[in-house]
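These notes concern the structure reproduced below.
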Amino acid sequence: MLKRLIDIAFSLMGLVIVFPLFVVIAVFIKLDSKGSVFFRGVRVGKSRRLFKIYKFRTMVTDAERLGGPSTSADDFRLTKIGRLIRKYNFDELPQFINVLKGEMSIVGPRPEVQHYVNMFTEEEKVILTVNPGITDWASLWNPDEGKILAGSKDPEKVYMEKIRPEKLRLQLEYVRNHSLGIDFEIMLKTLRTHLLEPLVSRLHK
């Protein structure tokens, strides 16, 4: 119950703070390419409930039909503004809406498409006993998945071999040991990784 209250408070605060940025990003997306501002892909949530995730659209229309579920930083389906949005993880910001609706939490295993959930072992199915989140240990371990996949002729194979095993291990670690204290630790480290460190880096250039 307390975690849910924290999710509501932080998602509301996040939406208010980033609203001006939302407007700017939405305008650039519409000017850059045809299609909607948001991408509403289907994800698997707690207890296998399906929900539509909110993300800023970074790809051309019908991108899912043109390629696989793994996206590299140099994926041909990315739009010009989409590459920039992904570089700074701005595409994830609308997920505060999913948190507010109760479909996600601020902290929790990243939600997967059905394709990857179908591969879960019996042990890994425990990941579906908690709400998926915007950030977790796996997100901190690999903040830029697309960069690792860039240049690969088979991004899906690289994802399955180099990213997914460690990602699942860290998600299992979170589910087995999560607490409010750990959630706050992950949130603080996420702010440092995605906001403070890039800001300091740019100031030093």
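Of note:
- If you go through segment 86-106 and keep only what is within 17 Å of Val23 (Cα to Cα) and either buried (at least 23 other Cβ atoms within 10 Å of the Cβ) or within 12 Å of the chain's Cα centre (by Cα) (or both), you end up with Arg86, Tyr88, Asn89, Phe90, Asp91, Glu92, Leu93, Pro94, Gln95, Phe96.
- Some residue of segment 29-38 being in contact with a strand residue (DSSP E or B) (Cβ under 8 Å, 6 or more places away or on another chain) and not in a helix (DSSP H, G or I): yes
- Output for segment 45-94, where each listed residue is among the polar types (S, T, N, Q) and either closer than 20 Å to Ile25 by Cα or modelled with pLDDT under 95 (or both): Thr58, Thr61, Ser70, Thr71, Ser72, Thr79, Asn89
- In segment 117-136, the residue that is farthest from Arg77 (Cα to Cα) out of those that are assigned to a helix (DSSP H, G or I) and of a type outside the set (A, V, I, L, M, F, W, C) is Thr129.
- Considering segment 44-69, the residues that are among the hydroxyl-bearing types (Ser, Thr, Tyr) and surrounded by 21 or more Cβ atoms within 10 Å (Cβ to Cβ) include one that is farthest from the chain's Cα centre (by Cα), namely Thr58.
- Test: Asn131 is touching a residue at least 60 places away in the same chain (Cβ under 8 Å), among the polar types (S, T, N, Q) and crowded, with 23+ Cβ neighbours inside 10 Å: yes
- Candidate set: segment 135-148, residues that are closer than 18 Å to Ser179 by Cβ and of a type outside the set (Gly, Ala, Ser); chosen: the one surrounded by the most Cβ atoms within 10 Å (Cβ to Cβ): Asp136
- Screening Thr79, Thr121 for residues that are touching a residue at least 12 places away in the same chain (Cβ under 8 Å) and not hydrophobic (A, V, I, L, M, F, W, C) leaves exactly one candidate, Thr79.
- Filter result (of a type in the set (Gly, Ala, Ser) and over 17 Å from Asp74 (Cα atoms)) within segment 137-173: Ala138, Ser139
The values are calculated or read from the model by the stated rules, or taken from the named source; none is laboratory data. Because the structure is predicted, anything quoted here is derived from the model rather than measured. Every residue, glycine among them, receives a Cβ derived from its backbone with ideal geometry; neighbour counts consider all protein chains shown.
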